[in-house]
Every structure is written in structure tokens, then in C-alpha cells.
Amino acid sequence: MLAIEATGLTKHFGPEIRAVDGIDLRVEAGQIFGFLGQNGSGKTTTVRMLTTLLRPTAGTARVAGVDVLANPAEVRRRVGVALQEVGLDELQTGRELLTLQGRLFGLPAKEAREVAARLLEVVTLTEAADRPIRGYSGGMKRRLDLACALVHGPEIVFLDEPTTGLDPVTRDAVWQYVLELNRERGVTFFLTTQYLEEADRLADTVAIMDRGRIVAEGSPAELKATIGTDVVTLTFGSEADAGRAAAALNLFEGVQRVLTAGSEVAVYLPNGAAAVAAIVRLLDEAGAPARTLVLKQPTLDDVFLRATGHHLDDGSPRAAEAAAPGGTR
């Protein structure tokens, strides 16, 4: 059964800006679906369309089996949403707000209070529960907004970068609660994130969004398996050095692909450990010695780099790919 289904989903802002450019989505009920992409890639615009907050330019979408255009009110009853922008009534206390949210969704008074208390504990706001929200820090407000999305026990929850700005301990508590709701109650999560660890740890399926389009999709293990090689990552003193190194490395035996991103070069080849010494000698001879060299197994960051040409946390333009002999551009 599909919890979320979209076909040709599109959102254009004027003729020039294609925020979401005709994407297809299939999210099975009970999944945690990770949506990876840089700021501006179209993630939040997609979430806004799926949650009825933004009307698509074209395409169709159904959430919990309900058409988002034909019956938006029913979609809203079935989902929970925590967006990047936090909107809270700062005159209330945290406990009052959560209890009110529960009551508005039809929970009996006692149950609403119990749910509010449990969620306050999850997001580590118990000590601040009875203080006015206007005195909360930005991180505290973010955590409270997340709790508001969960208070009515929705069957599908959209979390738009939910742990941004949270400390590691609170972030881990949020992750644990997401997993508990997913595994024990079958709640479907649609999670946008810039944290690779978050997607790798939580998501059953990951889609990578870049410039309004989905450029890769699969389980974290499947996506990492597509790399099929070890990865040697090298950093250089300048982009010019990185360019010279990439040109030299393309001639190295066994190299399947070389990617450059600023002053960094990623080399994909089998049995990277055996090749490290020869790579160092080659770069010295090319007059482009590396400042650092790291050998690793493929990660989601390598998948993201290969699919988009840049790192997830890198705001640089699309990096150039230098095709290795026998490889593809």
C-alpha cells in the first residue's frame, strides 16, 4: 500500500524558476523515506505540495490515499507536519500548546495532557514546559514544533529537516522516537534532511534531489553498492592543483572515475589500499602533492557526489567530472 504517491509533480515560480521539475514518488506505508538535497534543491517545495500548503503547477499527488487537490482538508487530518519555519503561539506555555493541539484534534482532555507530557519528555522540554514559549531559545522552539506534529498520532508525518540546530543528545532522542513510532505503530515518515548520518540510520529508502529533480533513489545500502569501488579522497592547496591531479589520476591504471569539487578530488577504483602508495608517487611527479588522503568504503556522501557533482554540505556550483579511460561522463 502506498502512503504517498506523486506523478509528474511540478512547481514553477514564473517561467525561470523550476523549483520542482516533474518528479515521481512512491512511498510505501510504514516506511521512513529520506529526502536528501541541498538548500534550494526543491525538498521543501515538494513537502509543501504534498501537505496541501502549496498548489502544484502540474502533476498529481495522493497522500494517505487522498488527492491533495481534491480533498486537502482530509489530507491535513491524516498527517503531521513540522516545517523549517517554526510557528508557535508564544503567549502559551509549551504544555498548554501541546494540550490544545491534542484537544483540537479530538483527543479527550486527560489523554491530551498525557500525550503532551510524554512528548515534552521526548524533546527534553519537561523543565521548561510551564514557561511561556516567548522565553524559549530557537532550538527549544524547534523541538516543541516537532512535538506538535506528533501530538495527534498521525499515520504519516512530514519532517522538514527536523533536527537542524539540535544538540547531539536531543537529536539522538528524536531519532529514537521516530524509530519507535515507525516500528511499533507503523507510522510513515517523509524526512527531508541534510544530515547524511540521519538518512543512513533512519531511512528505508532515500531519494536524492538536485535542482528540482530526483537523481538517485534506493535503500542506503543499494545506493552505496552502486559505487562498486573504494574511494580515495584527496585535498589540495588550490583548485588548480586539484585540476592537475585529476588529469594525472585519469591515467592511473584501474581508475574508474575521478570527480573534482573545488580543491578536493575523489578517485573511484578497486582495491584502493594497494594503490595508495602509487597514487602519492604519481601526484608528486605531477607537481600536485596532496595535503590529505583518505581511503574509505563508499558512503551516502559519495553517492550524493556522484549523482550531483557536489557534496551535500558544499554550496559550490556543480563540479566538473573528469572521465577516466573507459568510463562515462
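The values are calculated or read from the model by the stated rules, or taken from the named source; none is laboratory data. Keep in mind that what you see is a predicted model, and the values were worked out from it rather than measured. Note: ideal-geometry Cβ built from the backbone for every residue, glycine included; neighbour counts use all protein chains shown.
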- Task: With respect to residue 186, determine if the residue is in contact (Cβ under 8 Å) with a residue 12 or more places away in the chain, surrounded by 18 or more Cβ atoms within 10 Å (Cβ to Cβ) and either in the same structural domain as residue 122 (by TED's automatic domain parsing) or under 24 Å from residue 22 (Cβ atoms) (or both).
- Result: no
Heads up, the strands (runs of 3 or more DSSP E) in the range 200-256 (entirely inside) with at least 3 residues that are on the phi > 0 side of the Ramachandran plot and surrounded by fewer than 21 Cβ atoms within 10 Å (Cβ to Cβ) are none
*asked:* Condition first: in a loop (DSSP other than H, G, I, E, B), modelled with pLDDT of 90 or more, farther than 12 Å from residue 231 by Cα and within 29 Å of the chain's Cα centre (by Cα). Can you find one or more residues in the range 263-283 that meet it?
replied: yes
Within the range 1-53, residues being in contact with a Phe, Trp or Tyr (Cβ under 6 Å, 6 or more places away or on another chain) and outside any strand (DSSP E or B) number 3
Among 135, 87, 80, the single one that is of a type in the set (Gly, Ala, Ser) and surrounded by 16 or more Cβ atoms within 10 Å (Cβ to Cβ) is 80
Inside the range 105-138, the number of residues satisfying the requirement of being part of a helix (DSSP H, G or I) and either touching an Asp or Glu at 6+ places or on another chain (Cβ under 7 Å) or farther than 24 Å from residue 180 by Cβ (or both) is 5
